1. Please compute the contact order of the chain in relative form: average sequence separation of alpha-carbon pairs under 8 Å and at least six residues apart, divided by the residue count, as a percent.
2. For the chain, find the longest principal axis of its Cα atoms and tell me its angle to the long axis of helix 132-141, 0 to 90°, nearest 10.
3. So how far, in whole Å, is the C-alpha centre of segment 323-365 from the one of segment 433-449?
4. Can you tell me how segment 312-357 classifies by the Cα gyration tensor, rounded, prolate or oblate, using a/c under 1.5 as the rounded cut?
5. Run the dipole for the chain about the Cα centre, Lys and Arg Cβ at +1, Asp and Glu Cβ at -1, nothing else charged, and hand back the magnitude in debye, nearest 20.
6. When Thr451, Thr191, Thr237 are ordered from fewest to most other Cβ atoms inside 10 Å of their Cβ, what list results?
7. Would you work out the charge dipole size for segment 65-111 about its Cα centre, treating the Cβ of every Lys and Arg as +1 and the Cβ of every Asp and Glu as -1, and quote it to the nearest 20 debye?
8. Report, to the nearest 10°, how far helix 105-118 tilts away from the longest principal axis of the Cα atoms in the chain, using its own Cα long axis and a range of 0 to 90°.
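Here, each number is a calculation from the coordinates, and none is a lab measurement. Everything numeric here is computed off the predicted structure, so don't read it as measured data. So basically every Cβ, Gly included, is an ideal-geometry build from the backbone, and we count neighbours across all protein chains shown.
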Amino acid sequence: MPKPKRIFECQQCGAQSPKWLGRCTECAAWNSFSESTVGPAPAAAPGRGAFAGLTAAAGPVPLAEVEGLAEARTPCGVPEFDRVLGGGIVAGSAVLVGGDPGIGKSTLLLQVMQRLSRAGQKTLYVSGEESVQQIRMRSDRLGGPPPGLLVLPETDVTRILQALEKERPAAVVIDSVQTLYSADLSGAPGTVSQVREVSGRLVVHAKTHGVPLFLVGHVTKDGAIAGPRVLEHMVDTVLYFEGDGGHPYRMLRAVKNRFGSTNEVGVFAMGDGGLREVPNPSALFLSERPEGASGSAVFPCLEGTRTLLAEVQALVTPAAFASPQRTTSGVERNRVQILAALLERKAGLDLLGQDLFVNAVGGIRIAEPAADLALVAALASAFRDRPLPGTAVFFGEVGLAGEVRRVSRPDARLAEAAKLGFDRAYAPPGSAAAGPRGGKLQVTEVRDLRTLLDACDPG
Ligand code: TYD
Ligand code: MG
C-alpha cells in the first residue's frame with residue numbers, strides 16, 4: 001500500500017507546498033501553513049473520485065434543450081430573506097451564510113427552515129455544533145418545531161449524504177461547514193482540504209438532486225469566511241450576516257449571487273422570539289433621534305434597491321492633546337478627515353485644534369460618498385453648537401474644491417424622505433426635478449460647502 005504523502009497547505013488560500021513556509025507565496029498570508037497528509041487516491045469510480053465535481057454521463061447537450069431553473073424559485077416566507085436571495089430559494093442552489101459568532105446565523109436559518117416546514121415541506125437541519133436538545137430549546141423560542149423539520153447532529157459528511165439520500169428533504173442547513181470532516185482525508189475539521197472536500201461533496205449533491213443547501217460559515221478576525229476562498233467560488237450565493245453586538249439590528253447582505261442582485265440587504269431585529277423582520281428600517285433608525293440637538297443630521301442612504309434614512313452624529317470638542325483625535329464608528333475615518341480639512345479651508349471653520357467624533361447611529365455602516373453632505377452638516381452643526389433644521393435630510397458628494405457633486409438615485413432618496421415626513425432636503429444641483437411632486441418636501445440645491453452652511457444655518 002502506498003504511503004500517505006505529507007504536504008503543507010495554506011489555511012487561507014489552499015496553496016500547497018512540500019515544505020513548511022513562513023509566508024504563503026500565493027496569498028502572502030503569514031504563518032498560515034499547516035501540515036496535512038494526502039492519502040492514496042480513492043479508487044476512482046467515474047464521478048466519485050476525490051476531485052469529482054459535476055459530471056454528466058450523457059456528455060455535451062444542446063444548451064437550448066436544457067430546462068432553466070428560473071421558475072424553480074420558492075419564497076421561504078421570510079420576506080427579507082427572500083429579497084436578499086433575489087426573490088426566493090432557487091432549487092439546487094448552494095448558499096453560504098457567513099457572520100461573526102453569536103450574530104444569529106443559526107437562529108436565522110432555523111427560522112427559515114421552520115417557515116418552510118410550516119408550509120408543509122420536509123427540511124433537514126444538520127448541526128455539528130449543538131445537540132438536538134439545544135436546537136429544540138432554540139426552536140421553542142422561535143415558535144416551536146413544525147412536524148416536517150428534521151434535525152441531525154452529525155459531522156461526518158458521508159453519513160450526512162446518506163441521510164440526505166434517505167430522507168430527501170426539500171432544503172438542508174449545514175451548521176457549520178467548519179465542523180464537518182470527510183474520513184477520506186486526514187486533516188482536522190476546519191482545515192482547508194477538509195472544508196473544500198466536504199463542501200464540494202455537499203454542493204454536488206445539491207446540484208444533482210435540486211435540493212437547496214445552506215452552509216453556515218464562520219468568519220475570521222479580518223472578516224473573511226474562514227477556510228479557503230475556493231469555498232466562496234464553489235457556492236452560488238454568499239451572504240454575510242452582520243450587525244453590531246450592542247444593537248439588536250442585523251443586516252443580511254449578498255456579496256455574491258448567481259441568482260440575483262448583490263446589492264440587496266435585509267434588515268432584522270433580534271429579540272426574545274428570534275429575528276423579526278424590519279419592513280420600515282428608516283422609522284426604526286430614526287426612532288431615538290434627539291430633538292433640537294446639535295451635531296445630528298439625517299442621510300438617505302442607498303442599500304441595494306432600498307433607501308434607509310440613517311442618522312449621523314458628530315461631536316466636536318477642543319483637543320485634549322497636541323494631536324487632535326478623529327474617531328469614527330460606522331463611517332470612514334479618512335473621509336471625515338478630508339471633510340474636516342475642507343470645512344477648515346473652504347468654510348473657515350477652525351476644526352484643526354478640535355477632537356472630532358463621528359458616529360452612524362444604530363450600528364449601520366455607511367460607505368457611500370453621498371453621505372459627505374450629511375457629515376459636513378453634522379460637523380458644522382456640532383462645531384457651532386447649533387442644531388440643524390429638524391426635519392431636513394442631506395445628501396451629496398463633496399469634491400476637494402468644496403463643490404457638491406451629484407450622486408445616484410436622488411429620486412429614491414427624496415421619496416423616502418418625503419414618505420417619512422421630512423420637509424426639506426439639501427441636495428446637489430439638478431436634484432429638485434427628481435423630487436416627488438405635490439408633497440411638502442422642499443429641495444434646496446447646494447453648489448458648494450459655503451452655500452450649504454449659509455442655507456441650513458444662516459445665523
Ligand atoms: P445564534 O443564532 O446562535 O448565532 P450564531 O449561530 O451566528 O453564532 O444566535 C446567538 C445569539 O442570539 C445569542 O446571543 C442569543 C440571541 N438570541 C436572542 O436574542 N433571541 C432569540 O430568540 C434567540 C434564538 C437567540
Ligand atoms: Mg450557530
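1. 12 percent
2. 30 degrees
3. 26 Å
4. oblate
5. 560 debye
6. Ranking Thr451, Thr191, Thr237 by Cβ neighbours within 10 Å, fewest first, gives Thr451, Thr191, Thr237.
7. 220 debye
8. The two axes meet at around 70 degrees.
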